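Student: The structure follows.
The values are calculated or read from the model by the stated rules, or taken from the named source; none is laboratory data. Please read these numbers as outputs of a predicted model, since none were measured by experiment. Because the Cβ atoms are built from the backbone with ideal geometry, glycine has one as well, and the counts that use them run over all protein chains shown.
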Amino acid sequence: MFVNRLLSVITSFFISAVCGLSIGASPATASPQELVVTEEDFKEERVYSPYAGRAYADQVFFGDMHFHTELSFDAGLIGTTLDAHDGYRMARGEKVISNTGQPVQLIRPLDFLVITDHAELMGLAPAIRESNPLLLSDPWGKWVYEKFNSGQEGRMAAFGSIIEKGTSGVNPFSSDELTRSIWGQFVRIAEGYNEPGRFTAMTGFEWSTTPDGDNLHRVVVFGDGAEKTSQTLPFSVFDSDDPQDLWKYLETYEDKTGGNAIAIPHNGNLSNGLMFSDKTRSGDPIDRAYAAARIRWEPIIEVSQVKGDGETHPLLSTEDEFADYETWDVGNLDGSAAKEEWMLQYEYGRSALKLGLKLGQELGVNPYKFGLSAATDTHTALATTREENFFGKYQHTEPSPDRHNRAVIPADDPALRILTSQEVASGLTAVWARENTREA
Ligand SMILES: [Zn+2]
Ligand SMILES: [Zn+2]
């Protein structure tokens with residue numbers, strides 16, 4: 001299968017209607033030769049067509065909106081050394097050297113890239129490598145640093161603590177100083193690669209809530225530069241594991257900075273029935289206010305990426321012969337719970353669109369009237385999306401003779417395991433706009 005199957009064309013939330021000149025209607029009695037445009041014709045009240053003067057989005061741009069570098073703990077601590085510089089450079093078309101020392105380049109450059117490292121423990125790996133003073137001044141940070149550098153046994157203890165803390169909802173750091181420093185550096189790096197009209201370098205992060213191993217992750221994308229994004233910090237599971245709190249964070253960001261941002265859910269297929277439910281995170285039925293907030297802040301969902309396809313499932317689309325494309329349906333994100341058939345309807349894009357129509361009738365607002373996108377979710381800092389040029393999800397699945405049989409989801413129950421051979425060389429997002437800029 002080729003990535004072309006996955007290119008989901010969306011209308012970008014960044015596209016705002018640009019007002020142009022209104023060409024008014026000429027008097028009906030005038031012959032074509034006598035058509036005259038007068039001052040009066042430009043007055044809005046003389047225009048019948050609501051689209052008169054609309055400046056159409058007339059160009060399509062391709063890019064990746066879900067992308068990890070060494071700043072993500074589940075990348076940087078297991079071998080990814082490429083950083084945001086490498087990610088943007090490669091997306092712009094340059095040759096880079098991969099995490100395993102292999103030269104790699106795209107068949108053609110991307111038009112835009114959003115780097116979205118996990119908010120939780122952002123920058124931990126480079127901070128350990130570089131003996132970052134902000135890490136060493138924190139009690140847990142110092143402990144992790146020392147364990148990590150004390151041989152195999154200590155390293156395993158550090159890993160155990162990092163995984164436990166990273167998923168527990170309790171921030172192990174005593175302050176946000178390290179995060180502030182890492183985030184500030186990152187948003188400034190993006191400025192250096194942003195070239196209006198040629199390449200759009202954007203920033204974001206991933207809110208990585210995984211209750212009981214069920215995936216509720218959202219990627220947050222900012223439409224702004226460092227002047228605004230440096231005024232916030234990534235919102236993590238340490239702040240809240242409820243998407244309604246993430247939406248409040250986005251609202252606060254926009255109110256404070258005048259900027260714009262959205263959240264994009266992904267991998268409903270690994271949520272075990274939670275992602276597109278008819279209930280809130282706390283189990284109450286969705287009400288009108290929830291529906292309005294959800295579609296306000298989540299106007300797009302990511303339906304394809306390396307961890308399987310999220311558009312539909314053969315049991316949901318029984319007459320669609322393509323419905324079994326790259327299906328991951330054995331369990332949840334950490335392989336701790338098996339999939340049950342009732343869950344499927346709440347996990348996939350198409351069934352969510354159907355549920356949204358029903359909820360829209362009942363509530364007056366449809367929470368699932370979303371557009372579709374696709375991304376890589378690469379953890380190698382390499383946005384490779386073609387099978388002949390695919391560098392895998394992690395450093396350990398970069399090209400090698402035995403790359404196919406490693407674990408992506410190393411579940412205790414063999415039936416719930418996912419192997420690297422099941423990774424998908426997916427995908428990109430296409431955006432209609434008038435020019436290749438953050439603002440457009
Ligand atoms: Zn995720
Ligand atoms: Zn991700």
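Student: Being out of contact with any helix residue (DSSP H, G or I) (no Cβ under 8 Å at 6 or more places or on another chain) and within 16 Å of ligand 1 (Cβ to nearest atom) narrows it down to one of 66, 118, so name that one.
Tutor: 66
Student: Also, I was wondering about something else. Would segment 385-397 turn up any residue that is at pLDDT 95 or above and within 23 Å of residue 298 (Cβ to Cβ)?
Tutor: Within segment 385-397 (the criterion being at pLDDT 95 or above and within 23 Å of residue 298 (Cβ to Cβ)), the answer is no, since none of the residues qualifies.
Student: Can you name the number of the only condition in (1) within 16 Å of ligand 1 (Cβ to nearest atom); (2) under 15 Å from the mean Cα position of the chain (by Cα); (3) surrounded by fewer than 19 Cβ atoms within 10 Å (Cβ to Cβ) that residue 299 fails?
Tutor: All conditions pass for residue 299, except number (1).
Student: Now for a different question. Test of understanding: among 107, 115, which residue is touching a strand residue (DSSP E or B) at 6+ places or on another chain (Cβ under 6 Å) and β-branched (Val, Ile, Thr)?
Tutor: Details: 107 fails: touching a strand residue (DSSP E or B) at 6+ places or on another chain (Cβ under 6 Å).
Going through 107, 115 in turn, the sole match is 115.
Student: What number of residues in segment 90-131 are crowded, with 17+ Cβ neighbours inside 10 Å and part of a helix (DSSP H, G or I)?
Tutor: Looking only at that region, the number is 7.
Student: Among the residues of segment 167-186, write down those that are surrounded by fewer than 20 Cβ atoms within 10 Å (Cβ to Cβ) and of a type in the set (Val, Ile, Thr).
Tutor: Here is the first cut: in segment 167-186, the ones surrounded by fewer than 20 Cβ atoms within 10 Å (Cβ to Cβ) are 167-171, 173-177, 180-181, 184-185.
Passing the criteria: 167, 170.
Student: Looking only at residues that are crowded, with 20+ Cβ neighbours inside 10 Å and more than 30 Å from residue 398 (Cα to Cα) in segment 345-363, which one is farthest from ligand 2 (Cβ to nearest atom)? Reasoning before the result, please.
Tutor: Within segment 345-363, the first condition is being crowded, with 20+ Cβ neighbours inside 10 Å, and the residues that meet it are 347-349, 351-352, 356, 359.
Checking the rest, the ones that are also more than 30 Å from residue 398 (Cα to Cα) come to 351-352, 356, 359.
Values: 351: 23, 352: 20, 356: 24, 359: 27 Å.
Applying the filter and picking the extreme gives 359.
Student: Got at least one residue in segment 232-250 being part of a strand (DSSP E or B), within 16 Å of ligand 2 (Cβ to nearest atom) and touching an Asp or Glu at 6+ places or on another chain (Cβ under 9 Å)?
Tutor: The first filter runs over segment 232-250 and keeps only residues part of a strand (DSSP E or B), leaving none.
Taking every residue of segment 232-250 in turn, none turns out to be part of a strand (DSSP E or B), within 16 Å of ligand 2 (Cβ to nearest atom) and touching an Asp or Glu at 6+ places or on another chain (Cβ under 9 Å).
Student: What number of residues within segment 364-402 satisfy the criterion of being away from ligand 2 (no atom under 16 Å from the Cβ) and touching a His at 6+ places or on another chain (Cβ under 8 Å)?
Tutor: Of the residues in segment 364-402, 0 are away from ligand 2 (no atom under 16 Å from the Cβ) and touching a His at 6+ places or on another chain (Cβ under 8 Å).
Student: Tell me the residue from 439, 398, 387, 423 that is outside the structural domain of residue 93 (by TED's automatic domain parsing) and within 23 Å of the chain's Cα centre (by Cα), please.
Tutor: Working: 398 fails: outside the structural domain of residue 93 (by TED's automatic domain parsing); 387 fails: outside the structural domain of residue 93 (by TED's automatic domain parsing); 423 fails: outside the structural domain of residue 93 (by TED's automatic domain parsing).
Every option except 439 fails the conditions.
Student: Okay, next question. Which residue pairs have Cβ atoms closer than 7 Å, lie 6 or more positions apart in sequence or on different chains, and pair a first residue in segment 78-89 that is on the phi > 0 side of the Ramachandran plot and in a helix (DSSP H, G or I) with a second residue that is hydrophobic (A, V, I, L, M, F, W, C) and surrounded by fewer than 21 Cβ atoms within 10 Å (Cβ to Cβ)?
Tutor: From segment 78-89, no pairs qualify.
Student: Among the residues of segment 212-237 satisfying the criterion of being closer than 22 Å to residue 172 by Cα, away from ligand 1 (no atom under 14 Å from the Cβ) and at pLDDT 95 or above, which is surrounded by the fewest Cβ atoms within 10 Å (Cβ to Cβ)?
Tutor: Taking the candidates together, the pick is 233.
Student: Test residue 322 against the stated conditions and say whether it is surrounded by fewer than 23 Cβ atoms within 10 Å (Cβ to Cβ) and in the same structural domain as residue 387 (by TED's automatic domain parsing).
Tutor: yes
Student: Every residue in segment 154-189 that is of a type in the set (Ser, Thr, Tyr), within 25 Å of the chain's Cα centre (by Cα) and more than 16 Å from residue 117 (Cα to Cα), please.
Tutor: Of all residues in segment 154-189, those of a type in the set (Ser, Thr, Tyr) come to 161, 167-168, 174-175, 179, 181.
Then keep just the ones that are within 25 Å of the chain's Cα centre (by Cα); that gives 167-168, 179, 181.
Answer for segment 154-189, where residues must be of a type in the set (Ser, Thr, Tyr), within 25 Å of the chain's Cα centre (by Cα) and more than 16 Å from residue 117 (Cα to Cα): just 168.
Student: Could I ask something else about it? Only residues that are farther than 19 Å from residue 257 by Cβ and either more than 16 Å from ligand 1 (Cβ to nearest atom) or of a type in the set (Gly, Ala, Ser) (or both): list them for segment 190-211, please.
Tutor: Here is the first cut: in segment 190-211, the ones farther than 19 Å from residue 257 by Cβ are 192-193, 195-199, 206, 208-211.
Hits for segment 190-211 are 192, 193, 195, 196, 197, 198, 199, 208.
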